[in-house]
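Asker: Mind having a look at this structure? Questions to follow.
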Amino acid sequence: MQIIDGGVTSPKGFKAAGNYIGVKKKRKDLSIVYSELPAKGAATFTTNVVKAAPVIWNQRIINSKGNIQAIVVNSGNANACTGEQGMIDTNSMAQTTANCLNLKKEEVLVASTGVIGVPLPMDIIHPGIEKTVTMLASSREASMEAAEAIMTTDTFSKEIAVTFSLGDKIVTIAGMAKGSGMIHPNMATMLSFITMDLNISGELLQKALSESIVDSYNMISVDGDTSTNDMVLVLANGAAGNDIIDKENREYEIFKKVFNYVNTYLAQQIVRDGEGAGKFLEVSVKGAKTKEDARILSKSIITSNLVKTAFFGEDANWGRILCAMGYSGVKFDTGKVTIQFVSEGGDITLIKEGIPLKFNEELAFEILHEKDIKIIAFLGEGNQEATAWGCDLSYEYVRINGDYRT
């Protein structure tokens, strides 16, 4: 696998565009990704019972198992809790995009992100789509503009592109994501769009995505809120020319490894851009009885507001970590628990096999003063482990979300 400088246009046969059309006050707010070839589609969606109109539209399209060739995304307006009009407007976005690209509307996926409960300004959306389609290109600049156009409170765009070999063919997988707030485990909790020129069956593409999110997007948390809009959408157009992957063979395993890397990278980038975040936290639970126990425990720690605020204050309050583990629902022996903090400032053990240790407060402060911090909890009950990622919770998070709508 090789990481390259690229985005969603890096795989063969893909074009993209990002444009300012007026949904937001200033920044780019419409993005289109287009495959010149019919592509297999796969997706996962928010677990929130309140689902935005684009989520409902995309679920229907993905379940029909037809080919997909375009994704249209607006930012600045979530088109959520907008009733029947929201569904009409989503259908209209798909139809306008399809008309411009000589597609069927069922070949277009739609995404929206932004303020909830406000109807889309379709008098702006329609001509905006028509204009943006004329800007579609396969250039690096086009992918960067597309990634910029899906941002809301994000402070930087999130992109990745990698290549790898399957036999004598070079395959490329790329992606862009947005997310900064309303980020919480249990897929999906942000927007992520993946393009690839791999030749793979739709069934295996969906299987790979459903498995990949468990240890990537489902293991991140910024604030504990699961959004109404979020999703991961994947298009695979087969332009790399590899023999079709329709069995769980060696080629499938190679693909999965690279695919998981892409998804994990994008998930971590979302956390690094957490609203008001100053620290990137990695929580590893090791020595658990089962993988699921380790996942639950690590997510319980990373979603605790008391843990997050302790790291914001650079306070080595290991008791909050143990407390979060205790209410997770997982049974474990507290007498075997060891907790460590690790960063470029050093490493320190705060509790060993259930016994609190006297530790150097100055060293602890040096460790917690770093931007990237690892929290490691050893259970001593098995050989399973899992890792979750999150950030601290700051005054700035409250400021950003206190006036988000206005």
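The values are calculated or read from the model by the stated rules, or taken from the named source; none is laboratory data. For clarity, every value in this text was computed on a predicted model and none was experimentally measured. We place every Cβ from the backbone using ideal geometry, glycine too, and count neighbours over all the protein chains shown. Please note that ligands, DNA and RNA were not included when accessible areas were found on the heavy atoms of the full protein model with its side chains. Shrake-Rupley method; radii C 1.70, N 1.55, O 1.52, S 1.80 Å.
Asker: Does G167 qualify as being modelled with pLDDT of 95 or more and either surrounded by fewer than 21 Cβ atoms within 10 Å (Cβ to Cβ) or under 30 Å from N77 (Cβ atoms) (or both)?
Answerer: So G167 does not fit the description; no.
Asker: Do we find that L37 is at pLDDT 95 or above, open to solvent by 10 Å² or more (accessible area, probe 1.4 Å) and either among the hydrophobic types (A, V, I, L, M, F, W, C) or on the phi < 0 side of the Ramachandran plot (or both) in this structure?
Answerer: So L37 fits the description; yes.
Asker: If you take the residues in segment 303-338 that are touching a Lys or Arg at 6+ places or on another chain (Cβ under 8 Å) and β-branched (V, I, T), which one is surrounded by the fewest Cβ atoms within 10 Å (Cβ to Cβ)?
Answerer: Across segment 303-338, the extreme among qualifying residues is T338.
Asker: Determine whether E292 is in contact with a helix residue (DSSP H, G or I) (Cβ under 9 Å, 6 or more places away or on another chain), surrounded by fewer than 20 Cβ atoms within 10 Å (Cβ to Cβ) and either within 30 Å of T9 (Cα to Cα) or not basic (K, R) (or both).
Answerer: no
Asker: Please work out if L205 is open to solvent by less than 40 Å² (accessible area, probe 1.4 Å), not hydroxyl-bearing (S, T, Y) and not in a helix (DSSP H, G or I).
Answerer: No; evaluated as a whole, the condition is false for this residue.
Asker: Quickly run through segment 64-90 and pick out the residues that are polar (S, T, N, Q), open to solvent by less than 50 Å² (accessible area, probe 1.4 Å) and either on the phi > 0 side of the Ramachandran plot or touching a strand residue (DSSP E or B) at 6+ places or on another chain (Cβ under 9 Å) (or both). Full working, then the answer.
Answerer: Step one: filter segment 64-90 for residues polar (S, T, N, Q), giving 64, 67, 69, 74-75, 77, 79, 82, 85, 90.
Those still in the list that are open to solvent by less than 50 Å² (accessible area, probe 1.4 Å) too: 69, 74-75, 77, 79, 82, 90.
If the condition is that a residue be polar (S, T, N, Q), open to solvent by less than 50 Å² (accessible area, probe 1.4 Å) and either on the phi > 0 side of the Ramachandran plot or touching a strand residue (DSSP E or B) at 6+ places or on another chain (Cβ under 9 Å) (or both), then Q69, N74, S75, N77, N79, T90 are the ones that fit.
Asker: Further question on the same structure: Within segment 100-123, take every residue that is out of contact with any Asp or Glu (no Cβ under 9 Å at 6 or more places or on another chain) and in a helix (DSSP H, G or I) and give me the one that is surrounded by the most Cβ atoms within 10 Å (Cβ to Cβ).
Answerer: Among them, the one singled out is E107.
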